[in-house]
1. Would you pick out the residues in the range 55-64 that are more than 19 Å from the chain's Cα centre (by Cα) and in a loop (DSSP other than H, G, I, E, B)?
2. Going through the range 152-210 one residue at a time, which ones are buried (at least 18 other Cβ atoms within 10 Å of the Cβ) and either of a type in the set (Ser, Thr, Tyr) or not assigned by TED's automatic domain parsing to the domain that holds His232 (or both)?
3. Hey, can you tell me all the residues within the range 266-283 that are in contact with a Cys (Cβ under 8 Å, 6 or more places away or on another chain) and either among the aliphatic types (A, V, I, L, M) or at pLDDT below 95 (or both)?
4. Every residue in the range 255-265 that is assigned to a helix (DSSP H, G or I) and either acidic (Asp, Glu) or surrounded by 24 or more Cβ atoms within 10 Å (Cβ to Cβ) (or both), please.
5. Quick one: how many residues across the range 90-103 are farther than 22 Å from Ala138 by Cα and loosely packed, with under 14 Cβ neighbours inside 10 Å?
6. Only helices (runs of 4 or more DSSP H) wholly contained in the range 115-225 count here; list those with 3 or more residues that are within 18 Å of Thr267 (Cα to Cα) and more than 9 Å from the ligand (Cβ to nearest atom).
7. Among the candidates Thr141, Thr162, Thr186, Thr131, which residue alone is without any contact (Cβ under 8 Å) to a residue 24 or more places away in the chain and among the hydroxyl-bearing types (Ser, Thr, Tyr)?
8. Based on this model, can you work out whether Glu279 counts as among the acidic types (Asp, Glu), surrounded by 18 or more Cβ atoms within 10 Å (Cβ to Cβ) and touching a residue at least 40 places away in the same chain (Cβ under 8 Å)?
Amino acid sequence: MATLLKGAQAAAALNEKTAARVAALAEKGIVPTLAVVRMGEREDDLSYERGVMNRCAKLGIAVKPYLLAADAPQAALMAVLEEINEDAGVHGCLIFRPLPAQIDDKAVRAALAPEKDVDGITDASLAGVFTGSGVGYAPCTAQACVDILDHYGIPLEGKRVTVVGRSLVVGKPAAMLLDRKNATVTMCNSRTKDLPQLCRQADILVVAMGKRGAIGGDCIAPGQVVVDVGIHTDEDGKLCGDVRFAEAEPVASAITPVPGGVGAMTTSVLAAHVVDASEKAAQ
Ligand code: NAP
């Protein structure tokens with residue numbers, strides 16, 4: 001039976017550290033502040049926003065919402081980003097994506113000040129993940145994959161890690177962060193041949209494929225650690241991941257459940273990034 005790698009436990013440990021940092025900032029009269037930019041009322045965005053608001057409130061981080069209509073023009077969003085970039089009282093910015101079709105996502109990503117890019121959407125942040133330059137931040141979900149392994153004391157150095165997925169939001173930055181921990185990383189994409197074999201050869205398997213239940217028992221090796229980033233809803237309306245949990249859990253040594261795994265950590269990682277940005281701004 002596999003150990004469950006629970007996001008809530010890893011998040012609690014991170015939150016404790018973040019709360020101490022917030023208290024230290026409060027002594028200097030600084031309240032870490034996150035701008036949240038949302039266009040329209042997508043249920044996914046609203047649900048994540050509630051999680052972010054809740055987490056920030058518990059940690060003493062202020063949230064400044066910037067809400068635009070789903071059909072607002074590019075210029076309106078750019079004006080909001082300019083305001084956020086220039087506001088010294090705002091330390092971080094979360095923009096809900098995907099953005100509506102009339103918005104040029106690339107231009108938006110380029111417009112945000114990298115030092116406020118707490119969810120790793122700018123090229124500067126992604127370059128920072130690549131080079132370790134300390135500019136910007138890794139995307140929160142990618143960071144959460146590594147943090148959850150760290151929290152449970154799962155060693156990465158010298159380990160073979162297979163990452164399924166290469167999106168800029170999860171797979172690619174997760175692979176880079178794991179590489180920086182001296183893991184030997186294989187990154188897979190939709191054209192990868194013999195995926196099950198590449199999955200089985202890993203000590204640690206990170207799945208960010210966006211395909212419900214696509215990874216089954218044929219991809220899991222005995223003793224493997226499995227991090228499932230996928231979030232889906234099954235036929236019964238229950239949340240599930242990219243990995244078929246019932247097949248993987250008896251074989252793996254440890255696995256993140258869905259829900260309650262990586263997804264349960266992301267708002268805590270975001271909060272930690274906001275506090276980090278506040279500390280840097282105060283220096
Ligand atoms: P995405 O943009 O759709 O990327 C999926 C990646 O998987 C792509 O790189 C794709 O390859 C690769 N892929 C697809 N089929 C494959 C196959 N048969 N073999 C190998 N690779 C394959 O998805 P994403 O944004 O990275 O998100 C991945 C999952 O994580 C989704 O389920 C999403 O809901 C979830 N997610 C969770 C959180 C959280 O907080 N837990 C946050 C964000 C996302 P190509 O590049 O070749 O197309």
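1. Within the range 55-64, the first condition is being more than 19 Å from the chain's Cα centre (by Cα), and the residues that meet it are 57-58, 60, 62, 64.
Residue satisfying the conditions is Gly60 alone.
2. Thr162
3. Val269, Leu270, Ala271, Val274
4. Step one: list which residues in the range 255-265 are assigned to a helix (DSSP H, G or I), which gives 262-264.
Passing the criteria: only Val262.
5. Let us first name the residues in the range 90-103 that are farther than 22 Å from Ala138 by Cα, namely 100-103.
Next cut, loosely packed, with under 14 Cβ neighbours inside 10 Å only: 101-102.
Within the range 90-103, residues that are farther than 22 Å from Ala138 by Cα and loosely packed, with under 14 Cβ neighbours inside 10 Å number 2.
6. Working: elements: 123-131, 140-151, 171-180, 195-200.
In the range 115-225, the matching helices (runs of 4 or more DSSP H) lie at 140-151.
7. Values: Thr141 fails: without any contact (Cβ under 8 Å) to a residue 24 or more places away in the chain; Thr162 fails: without any contact (Cβ under 8 Å) to a residue 24 or more places away in the chain; Thr186 fails: without any contact (Cβ under 8 Å) to a residue 24 or more places away in the chain.
Being without any contact (Cβ under 8 Å) to a residue 24 or more places away in the chain and among the hydroxyl-bearing types (Ser, Thr, Tyr) holds for just one of Thr141, Thr162, Thr186, Thr131, which is Thr131.
8. Details: among the acidic types (Asp, Glu): yes; surrounded by 18 or more Cβ atoms within 10 Å (Cβ to Cβ): no; touching a residue at least 40 places away in the same chain (Cβ under 8 Å): yes.
Considered against the rule, which asks whether it is among the acidic types (Asp, Glu), surrounded by 18 or more Cβ atoms within 10 Å (Cβ to Cβ) and touching a residue at least 40 places away in the same chain (Cβ under 8 Å), Glu279 comes out as no.
The values are calculated or read from the model by the stated rules, or taken from the named source; none is laboratory data. Computed from a predicted structure; not experimentally measured. Don't worry about glycine lacking a Cβ; one is built from the backbone with ideal geometry, like all the others, and counts go over all protein chains shown.
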